[in-house]
1. Quick check on the exposure proxy: order 122, 106 from fewest to most C-beta atoms within 10 angstrom.
2. Each residue of segment 146-153 in order: what ³J(HN,Hα) in whole Hz does its phi give by Karplus 6.51 cos²θ - 1.76 cosθ + 1.60, θ = phi - 60°, with x for Gly and Pro?
3. Using the Karplus curve 6.51 cos²θ - 1.76 cosθ + 1.60 with θ = phi - 60°, what ³J(HN,Hα) values do you get for each residue of segment 183-190, in whole Hz, with x for Gly and Pro?
4. Tell me, 196, 318, 246, 146 in order of fewest to most beta-carbon neighbours within 10 Å?
5. Looking at [x] 1.43; [y] 1.08; [z] 0.98, which value of Rg/Rh (Cα atoms, Kirkwood Rh) comes from a calculation on the structure shown?
6. For the chain, with a Gaussian network of springs between Cα atoms less than 10 Å apart, report the residue from 348, 285, 54 with the top mean-square fluctuation.
7. Relative to the longest principal Cα axis of the chain, at what angle does helix 322-334 sit, 0 to 90 degrees, rounded to 10?
8. So what is the relative contact order for the chain, in percent, with contacts set as C-alpha pairs under 8 Å and at least six apart?
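Every read-out reported here was derived from the displayed coordinates using simple, explicitly stated rules and does not represent laboratory data. Keep in mind that this is a model prediction, so the values were computed, not measured. Ideal geometry is used to build each Cβ from the backbone, glycine not excepted, and the neighbour counts take in all protein chains shown.
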Amino acid sequence: MRLLVLLCIVGGTVAAFSLYSSWKQESRPGMRHYLKGMEYLNSKNPAAAQNEWLAGMKEDPASFQCFEQMGDLYTELKMYPEAAYCYGKAVKLVPGDGSLNLRLAKSQRSADQNDAAYLSAKRARELLPDDADAQGVYGLLELERHNQALGLTALHRALQIRPNDPAYTLALARAELQATDVPAAERDLAPYLQQHPDDADANELMAEITSRKPRTPKTIQATTRFAEHAVAGHTTREDAYTLLGHLSLDSGRTQDALHTFQDGYTRFGNSEAILKGLLDCYARLNDAPHRDRVAEVLQQTVARHQRMTHLRDQVSLHADANEAVLELAQLTEQDGDLNRAQFFFERLAQRNPGNARYQAALEAFRSRMKAASEQPAPPPPPTGTPHE
C-alpha cells in the first residue's frame, strides 16, 4: 500500500512537471511568435508570418523555432546566406537535430560556404545514418573535396536508401566516369535510364559514357542515339551538343555538325567548346567572314572566363574583396549565369548596406531582369551564324 501511494505521488509529480514545462515553453515569447506565425502561414499570409518569426528571433534568441522557420522561408526564396545564418542559430540551440543540420548543410552549400557545409553535412550524416539526403549531400561534398572513395561510398548508401534518385544517380555515375571507371558508370546509370528514358541529362551522361568505349560502329551509333535524345529533351549540359557535333564532323557531315553547334550556341552561347565547334565548321566550309566573327567571340569569351577565375580566387582568399565581387557579378551576368550573378549582387549589397553604389548595382540588375522578363523571346539567330 505504501508503495502504491509512493508511485502515485511520483506519477503526479512527473505529470505536474510535464504540464509546467509545456506551459513554460508555450509562454516563451519565441514560442508565441512561432505559433502565431504558423497561424498566419496556414491562412496564406506569409508576410505576417515572417514578421512574427523575426520578432521571435529578436525577443527570444534562445528559442530555435523562429530561426528554423525563417531558415525554411529564406531557402524557399533562394536567399541561401540568410537561410544558413538562421539554421546555424537554430543548430546551436538544438545541436542534436539531424534535420536542422542537414538543412544547414544544404543552405551553406548553396551559399558557396563549402567548408562549413562539409562539417554540417558530416554531422547530419552521423545523426541521420538512414536518411538518403544526409548520405547524398555528404557524398557530394566529399566528391567536391576530391575524396573519391568516401564520396562514392556515401552516394551508394544514399541510393540503397532511395533507389534511382535522379540527382544522386547521375552524380555517382559522373564521378565514376571521371575516375575512368566506365563499366561502373554504365552499370549504375543504365537501370535508371531504362526507367526514365526521357531524362535528357541521363541521356547526355550515357552518351559521354559510350563515347569513352572503344570506337566501333555500334558504340558510335549508341553515342549518337543518346546524344540526340539529350538534345531533343533540352539537356542542361552542353556536352551533348559538342559530342553530337563532333560525331557529325568525324563522319564528314559538316552541315549537320554546323546545325548542331548552332542549336547549342542558342542555349550555351558562352561555351568555349561549342564556339570551337562552330569555328571548326566554318573553317571546313571556307566561310571566312563567319569564321572570323566566331574567332572574335571565342577570344572575348576565353578572356572573360580567365578573368572570372582570377576574381573567384580573390574572393575566396579575401572576405572583404568587394570590388572583386562586383566585377565578378557583372561578368557572370555577361556570361549568362543570371542566378549566380544575382547571388553575387545580393551578397555584395547585404554585406555593405551603407554603400549606395553597391545597392544601386543590385537595383540596376533587378531592373534589367524585370525588363528582360517582360520582353518577348528574341528570334533565333540567322542560319549559318552566331548572333550577329
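1. Values: 122 17, 106 21.
In order of increasing Cβ crowding within 10 Å: 122, 106.
2. 6, 9, 4, 5, 5, x, 5, 4
3. Rounded to whole hertz, the list is x, 5, 4, 5, 4, 7, 8, 4.
4. Values: 196 15, 318 11, 246 19, 146 7.
Ranking 196, 318, 246, 146 by Cβ neighbours within 10 Å, fewest first, gives 146, 318, 196, 246.
5. Looking at Rg/Rh (Cα atoms, Kirkwood Rh) for this model, the match is [y].
6. The residue with the greatest mean-square fluctuation here is 285.
7. With rounding to tens, the tilt is 50 degrees.
8. On the way: 452 pairs, mean separation 22.3, N = 388.
It comes to 6 percent, rounded to a whole number.
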